[in-house]
Every structure is written in C-alpha cells, then in structure tokens.
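Presented below is the structure to which this report refers.
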There are 2 protein chains.
Amino acid sequence: MPARPAAHRPTLEAVAARAGVSRATVSRVVNGGAGVRGPLAERVRAAVDELGYIPNQAARTLVTRRNGAIAVVVAEPESRFFTDPFFAQQVRGISRELAAHDNQLVLLLTGGAADHERVGRYLTGGHVDGALIFSLHADDSLPVIARNAGVPTVIGGRPTWPDPDTRRRTLYVDCDNRGGARDAVRRLLALGRRRIAHIAGPLDQPASIDRLDGFRDVLPDIAPGLIAEGDFTPEGGARAMERLLERSPDLDGVFAASDVMASGALRVLRARGRRVPDDVAVVGFDDMVSVAEWTDPPLTTIRQDIEEMGRLMAQLLLHALEPASDPDGVPAVSSIITPTRLVVRASA
Amino acid sequence: MPARPAAHRPTLEAVAARAGVSRATVSRVVNGGAGVRGPLAERVRAAVDELGYIPNQAARTLVTRRNGAIAVVVAEPESRFFTDPFFAQQVRGISRELAAHDNQLVLLLTGGAADHERVGRYLTGGHVDGALIFSLHADDSLPVIARNAGVPTVIGGRPTWPDPDTRRRTLYVDCDNRGGARDAVRRLLALGRRRIAHIAGPLDQPASIDRLDGFRDVLPDIAPGLIAEGDFTPEGGARAMERLLERSPDLDGVFAASDVMASGALRVLRARGRRVPDDVAVVGFDDMVSVAEWTDPPLTTIRQDIEEMGRLMAQLLLHALEPASDPDGVPAVSSIITPTRLVVRASA
DNA sequence: ATCCTTTCAGAGAGCGCTCTCATGCTCGGC
DNA sequence: GCCGAGCATGAGAGCGCTCTCTGAAAGGAT
C-alpha cells in the first residue's frame, strides 16, 4: 500500500514559521487558544487562514487517542434497518446529539455472524471512541466484543446477560416497556374488552419480553392461545393476527407490541370483516408517527420518545467518554429508563 | 483534551521484541508477509497472536495517508433519507462493495446549508479517502467542496455543472433516465392512451429533468397542464395527481417519475373513483420492490437496478483510489450509465 | 531594588507505524 | 574458489501532532 502522492497540505510547522512562533503556540491557538496572548493569537490565526491550514486528524488521534467518531452498531440486516422507521428515528436522535458535539457517526450494520466478525475487527481497530449498540437479540456477542476491545458502549434496550455484575456495569437506555404494556392492556379493559390478545415481538429480544410481561401483569391468567409471536414487521403482525383469529374468533381486543405489527393486524381484521374498534379494539406500541397516524383507523398506542432515546444514548456515551470531570474520578452517569404514555386515537 | 489513560495495547515494537526481529519485519508480516522467509514469518505470527497485537490505525493513516473509510454524503434531511427506500437500496449496494474491500462506510447526512459546512469540514479534515455524493440538487456546492478538499468523488446521478471540462472530469453513475421515460410513455401509447400526464420529480434534480425530457421526446406537443411537479414523496405524488385531475379530468394515462409518487397518485385515483388501469393507466419509475409490488394494483414501472448502481459507485471510487495500476499512470475508469427496463404489472 | 509568583512561549520528546536504504547473506555461474 | 546478483533483514528517518517541561518575561509584594 504505497503512500498516495502528498496532498501537500500545510502543516503546523508551516503555520508556525509563517507566524514566527513555535509549533506549540500554533497548536494552542488551534485548540482554543487558552494561554496565548491576544495579539500573538491573532497573528497565528491570520497565518492559519492564509495557508488554509487544516489539522491532520490521524496525527492528532495518534497522540490524543481520540477519534471524534462513534460507531452505531445495528444488529439487523440492511433490509430491516432501512425499512423499520424505528431505527430511523433513533439514528436521527443520535446523529443530532453527536453532530452537536462534533462527533462523527459511523454506521455499522451487522446482519449475520460473518458481519459480527468484521464489526468486531473494526471496533477493536480503534477507529472509534465508543459504540452505540442496538436491537440486540439474546446472547448477542456484540457487547462482549466491544468490551474486550476496550470500547465504551451504550446499549439501546435493556441487556439480558445473566451475570448481574456485568449487567450493572453496562450502560443502556430503554423505555418503560413493561409499564407501557400495562397501560395498553388497562385501556382495553377500560373499554370493556374481556377477550384480549397479544401480538408479541420476537421473544429473544428484551423489549418483546418486557411488553409481554406487562401484558401478563394485568392479565395473569391469560390463555396461551391469546398470545402470538410476531417479528416487528407488518407481515409478521398480519400472520400473528390470522393465527389469533383462528384460535380465538371471539377476541375483542388486541395489544400489539409495535405499531408496525399493529398495522399488519389492522389489515387482517379489515379483510376478515371485523370493525375496529367496534368489534375489536387495537392498541399498538411506539407511537411511530409515520405509522400510527396513517393507519385506518388511526392507532391508539403507547408512546415512547424514540428520537429522544437515541439522543440520550449518545449523550450518555459522550459523558462516559469524558475524562472524569468528577472529583471522584468516575463520571456520574447511569442507565436511563424513559417513561411511556398512552396516546388515544381511534382504534381503541 | 488530555490523552485517555493508555489502553496499553501491544505495539509493533513489543511484537518485534517478542519474536526477536526488527519492527520492519513485523510490519512486513502484518501487511501480507511478502519477502519474509517462512519460519521467521511464522515466529512473528505467533508473537502477534500471543500478544493479541492489533495495528494502530491512526499511526498507519499518518504515514500511508489512507484511512480505509469512504464517506457517503446524502444531500437530504434524515427524514427523507430514512423514509425513501431508494436510499436504502443504494446504500446497501455501496455497503456491500465497500465491506468486500474492507473499507468503512461513514454516513453523512446534510439537510441544510449549515450541515454542508460541517460536512465540508469533515471531508477536508482527511477522515476519508473518498466520497460518494447523492441526491444533488441544482447548484449544490458539495462536489466543489469535495474537489477543493482533494477528496476523490463519485456522484450518484448526472451532475449539472455548466462547465463542460469540470463535468467531463467528474465521475458519476446514473441510469438511462431519459430512455426509461421514453419506454414508459410508449407503453402508455401502446395501450391506446391519448391523454397522458406526467408527475415530475423536483425539477432542480437532473433525474427529474431527464425523465421529463424523455416524456417530451415521445410527446413533444404535450400541454403544460398535463405536467405537474412532485417531490418524490407519496404525498407530493398525491397532490400532483389532484392538480392534474382538476386541470385535465379526461386524462387516461399517467407517467410518474417515481414509484413512491405513483403510489400517492394511485391513492388519489382510487379516492376519485377512477379505475386503474381501466380508466387511467399508471406507469412508475424505479421498480422499488417494496413499493411497486405492494400498491393496489401492482405498479407497471421502469426498472433501474438501484442496488447495483450503488455497488458501481463504490467500485468506481475504489478504482479511482488505486495508485494507478495502469502503465499510463491513470486508472482507466469512467462514468457509467446503467440501462433501464420496462416491468409490466397490473397498473398499465 | 530584590525576590517570588504567575503567565506565556519554545524546545523537544514521543505517539505507532511504514518505507527507504544500507547491510549482510546466500547462491549460481564461470 | 571468486564475484556479483539477488534477496532477506535491520536501522532509522520521518508522518503531523500534542503535551510536558523549562526558561524567560512580567507583575506584585516586601
């Protein structure tokens, strides 16, 4: 890999020569100018402008051990990532927060085990200062890889590792899935529904489990026939709805673990001639604006502020990265659980 | 910005000491091992494994001036980027190709002028070896920024600069928008349609212009009332369709410049009681699987292989980056125009 | 005036790696 | 058996930057 022809960019040295000062002084000015007297700093700044000087990141990183880049690792194939508005919103929140602190976002999608290896190499390679990991399934090795690579990490969603100590030391941001699910079911009960079914997400993901647990908190004696597992896609939601109708034709309420699945369920209910909410009331989860507001009828759902969660993840990570501004030497950051809220529209 | 506590990773030096060779030899082995005798190389490899040595990217970049990362710059706000499946497919193609060559993808979204500045800084900062730029609107400054930053660039879609010399030296990948549009209109003509309207994309984008030009190639005397400008969103397509129906209630064919807009148009046609394709035949553009196959009725459209175009963009850029394997000193790469194809489904 | 403190600027040592160049070795040909 | 060709290895000079350490100058107190 031969070096490319030098782009011939001016270096610190050149600026220093031009301004008639030392490299150190230029460096100070470029990095905020603390401790450099006004006029001198001015002269340096002029030289920087004249030469069009731009710091070389690699050189900087080499000594500071900071990249100014954060990896966003999504454990889903591209197809899901780009299809599901959930990711879009979360990435938007992250991207905002990172940009505000002049950090770059490096997107890593890892669909299968082969990709995991590549992602692991990348994290280990020290290209990024930290990682935000998403959409973990059970036993996912990514966080462990990140930990071994010494890359500070914040996880989106509650992690599931059995070891309580590991768990305690892992930063994550999640919403109150269980509480939200309880609210959803209570809404259906309040509407007088008595045969309430649940379309769960993939049960290897903590969010799905927590929502199912919330459902069971309110309806502990639910028949297993009233629970069907989906996969967070509209088609999965539709299939689950079909199974439920087959097994329990008399159901009068459905709590779907995501708006996207609820949209599929609505389609099936309509096709089967059930009126929503008259015959069957439906509550979703997420309050994904692009979905919940546009279904027919508009979806009653549990709102979680996904974009905000993304922002919080980024914020948490950036805090954790800060060289302990705390006197104790340990920055005071901890995992965050965000609240949920029932949003009533037409479907329940 | 004080240095973080040294992660204490083993360095080349350490490996060299362990294997009892020089740094240079270890470097050679790590980078492919050319010119190192078998047994020695083996010893080095063993030392690497024992110490868990991983090369420091920053140090490498500092000397090679290569960082193994490519920026994908999308001149659209996040909302559009994550909503429009077009980008998803293109990014997928790019991501595949880059991953295959061990290059990282750095995603840069730039919604407004303020972001442009940040992106410019990033490109100029030398974080990436090259850039793929997308979704350019007229007079967009991004390619100029990239050029000034000395960052090799490939553009998605035909660029529009007036200066022919600049244009000639710019690499891009585009599909045969004009030819595809002609095919679309000819299909409608072949079905016996005589009042054919066009829903154009935003006319500050070359793709929209080319498709409109193709439309006019076949129907040079089209009334201006039969052309409405959309914005590549379903809502935009719907609004354009409404305008068209108002102005020309007797239209019997529509060529929409994208499937996404066509889906909006179909909704409006249905709402207005027009049967598709009986009363009004509709042809889209893109053959976006997730859209065209799921509309009601499924959409007849012009297929362009978006993912492949993404792949080609990445390939072109990687070639351009290669240190002139050509004897002439200039790698033989040039812009690419991919073909389009009519895909007949039910809507026309 | 003297001394001490404080502030500002420069010198210089790396950060970890690659790559050129010099060196020493092996080996084939005469 | 000698010489030069050819190849494997080592030595060392940077790449461009940050940061500590030191020295000089400036200010205040005595």
Carbon/sulfur fraction of accessible area - chain A, other protein chains in place, 1.4 Å, % = 52 percent
Honestly the protein assembly as shown on the Cα gyration tensor test (a ≥ b ≥ c root eigenvalues; a/c under 1.5 rounded, otherwise a/b vs b/c for prolate or oblate) is just oblate
Computed over segment A:142-186: relative contact order in percent, which uses C-alpha pairs under 8 Å that are six or more apart | 31 percent
Once you charge only the Cβ atoms, +1 for Lys and Arg and -1 for Asp and Glu, what is the size of the charge dipole of the protein assembly as shown about its Cα centre, to the nearest 20 debye?
-> 1040 debye
Suppose every K and R has +1 on its Cβ and every D and E has -1 on its Cβ; what is the size of the dipole of chain B about the Cα centre, in Debye to the nearest 20?
-> 720 debye
Could you run the numbers on buried accessible area between B and A, total for both chains, 1.4 angstrom probe, in Å² to the nearest 100?
-> 4000 Å²
Summed over the other residues with a beta carbon less than 11 angstrom from that of residue A:318, with K and R at +1 and D and E at -1, the charge totals -3
Find which of A:46, A:142, B:347 sits farthest along the positive direction of the dipole of the protein assembly as shown, computed with +1 on the beta-carbon of Lys and Arg, -1 on that of Asp and Glu, about the Cα centre.
-> A:46
With +1 on each Lys and Arg Cβ and -1 on each Asp and Glu Cβ, and nothing else charged, work out how big the dipole of segment B:12-55 is about its Cα centre, in Debye to the nearest 20.
-> 160 debye
Would you work out which of B:206, B:189, B:173 lies farthest towards the positive end of the dipole of chain B, given +1 charges on the beta-carbon of Lys and Arg and -1 on that of Asp and Glu, about the Cα centre?
-> B:173
Inter-chain shielding of B:94-107 (mean C-beta neighbours from other protein chains, 10 Å cut-off) | 3
Take peptide B:142-155, look around each residue's Cβ out to 10 angstrom, count Cβ atoms belonging to other protein chains, and average those counts.
-> 1
Rounded accessible area per residue of segment A:12-55, 1.4 Å, Å² = 59 Å²
In deg cm²/dmol and to the nearest 500, what is the mean residue ellipticity at 222 nm of chain A if only DSSP H runs of at least 4 residues count, each as -39500 (n - 2.57), divided by the residue total?
-> -13500 deg cm²/dmol
Once you have the Kirkwood Rh of chain A from its Cα pairs, apply Stokes-Einstein at 37 °C and 0.692 mPa s and quote D in µm²/s.
-> 144 µm²/s
Partner chain coverage, peptide B:55-63 - average Cβ within 10 angstrom | 6
So, relative contact order of segment B:96-176 in percent, Cα under 8 Å, 6 or more apart, is 22 percent
Which of B:75, B:27, B:95 sits closest to the plus end of the dipole of the protein assembly as shown, meaning its Cα is farthest towards the positive end, when Lys and Arg get +1 and Asp and Glu get -1 on the C-beta?
-> B:27
Chain A: relative contact order in percent, alpha carbon pairs under 8 Å with at least 6 residues between = 16 percent
Taking only protein heavy atoms into account and a 1.4 Å probe, give the accessible area per residue of segment B:132-290 in Å².
-> 40 Å²
Give the span of segment B:191-348's Cα atoms along each principal axis, as three whole-Å numbers ordered largest to smallest.
-> 64, 33, 27
Highest GNM mean-square fluctuation among B:143, B:297, B:39, for chain B with Cα springs under 10 Å, belongs to B:39
Under 12 Å by backbone N from the virtual spin label 7 Å along Cα-to-Cβ at residue A:270, the residues of segment A:288-313 are A:294-299
State which stretch of chain B is the longest one without any exposed trypsin sites (Lys or Arg not before Pro), exposure meaning a DSSP loop state and at most 13 other Cβ atoms within 10 Å.
-> B:38-168
Residue B:9 paired with residue B:115, simple spin-label distance in nm, labels 7 Å along Cα-to-beta-carbon = 3.1 nm
First check a/c for segment B:12-55, with a ≥ b ≥ c the square roots of the eigenvalues of its C-alpha gyration tensor; if it is under 1.5, answer rounded, and if not, answer prolate when a/b is larger than b/c or oblate otherwise.
-> rounded
Within the set A:63, A:106, A:291, GNM on chain A using Cα springs under 10 Å gives the largest fluctuation to A:63
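The values are calculated or read from the model by the stated rules, or taken from the named source; none is laboratory data. The structure displayed is predicted, hence computed values, not measured ones. All Cβ positions, glycine included, derive from the backbone under ideal geometry; neighbour counts span all protein chains shown. Each accessible area value is taken on the protein alone, full model and side chains, heavy atoms only, with ligands, DNA and RNA left out. Shrake-Rupley method; radii C 1.70, N 1.55, O 1.52, S 1.80 Å.
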